[in-house]
Structures are given as structure tokens and as C-alpha cells.
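First up is the structure itself, then whatever we jot down about it.
The values are calculated or read from the model by the stated rules, or taken from the named source; none is laboratory data. Just so it is clear, the structure is predicted and the values come from calculations on it, not from any experiment. Backbone-built Cβ (ideal geometry, glycine too); neighbour counts: all protein chains shown. These area figures cover heavy atoms from the full protein model, side chains too; ligands, DNA and RNA do not enter into them. Shrake-Rupley method; radii C 1.70, N 1.55, O 1.52, S 1.80 Å.
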Amino acid sequence: MKPTAIFILEQEENYQMMMLHVLAVVEKELPNHELLLKWGIPFVYYKKNPFCYLLPNSKKGFLDVGFSKGFQLKRNQEVLIDEKRNTVKSLRYFSIDEIENKVLIDVIQEAKSLY
């Protein structure tokens, strides 16, 4: 079993469901991506470059989907979180019901255009 699959399966069910959902959307929007375990978390690479990561934060109860070129994104600023980071902006989900596919797809498409 791949390290990323092990990581996801070791998470609580809520995080597993959110991660699998986000990865299914990524798979559809970025068919040529690579999913690796980097820095101890699942990281999506696109064109051999870091694209986004999935980080469950069990202390605060959310899944952080961070985009490597987040500060270059122009759309969806009202939902992208920077939290004093220099390059990464992220989408945060507390439950699978909060995932708005339209927004997630739009962020992925805009980020994809930066590569």
C-alpha cells in the first residue's frame, strides 16, 4: 500500500471522507498529477512541482487544503485563508458537507493555470 493511502486510512473517518472527496476532485481536474507523502502529509504534485497539500488539523477540527501558489490566485479570495503565510493560501473544511465543489474546482483550475 502506498504511504499516502496509509496516511489517509489512519485518519479519523471525518478527515478520511474529506480527503478522499478532495482527491477525487483533484483527480478529475488534474489527470496528470502525482500524489506523494511529503513532509509527513499528502502532497499533490503537478508538472513535477508542488501543487497542493491536505493537512488534517485534529486540534482545531478542520482539513486544510493548501495551494502552493495561493498568493498568486485572484479569484475566491473571500474563502482562501492565508494565516500569515508567504506563499500558501488554503481552503478549510470542518465537514464533508462544507465542501463546495464549484469553489474547489475553480481554485484548482486557477492554480493549474499558474503552472
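Assuming charge only on the beta carbon of Lys and Arg (+1) and of Asp and Glu (-1), the dipole of the stretch 10-115 about its Cα centre is about 560 debye to the nearest 20.
As a fraction of the 1.4 Å probe accessible area of the chain, surface on carbon and sulfur atoms comes out at 52 percent.
Using equal-weight Cα scatterers in the Debye expression, the normalised intensity of the stretch 15-115 in log10 at q = 0.14, 0.25 Å⁻¹ is -0.46, -1.73. Were the residues from Ile105 through Asn49 laid out at 0.36 nm apart, the gain over their Cα-Cα distance would be 18.3 nm. 3J(HN,Hα) along the stretch 38-53, derived from phi through the Karplus expression 6.51 cos²θ - 1.76 cosθ + 1.60 where θ = phi - 60°, amounts to 10, 6, x, 9, x, 10, 8, 10, 10, 6, 6, 10, x, 10, 7, 10 Hz, with x in place of Gly and Pro.
With a Cα cut-off of under 12 Å and a minimum spacing of 8 residues unless on different chains, the lysine pairs in the chain number 4. For the chain, the 222 nm mean residue ellipticity estimated from helices alone, with every DSSP H stretch of n ≥ 4 adding -39500 (n - 2.57) and the total spread over all residues, rounds to -9500 deg cm²/dmol. Restricting the stretch 1-83 to GluC sites (Glu not before Pro) that sit in a DSSP loop and have at most 13 other Cβ atoms within 10 Å of their own Cβ leaves Glu10, Glu12, Glu78, Glu83. Describe numerically, in nm with one decimal, the distance between label points set 7 Å from Cα along Cα→Cβ at Asp82 and at Ala24. Taking the two extended label points, one gets 3.4 nm.
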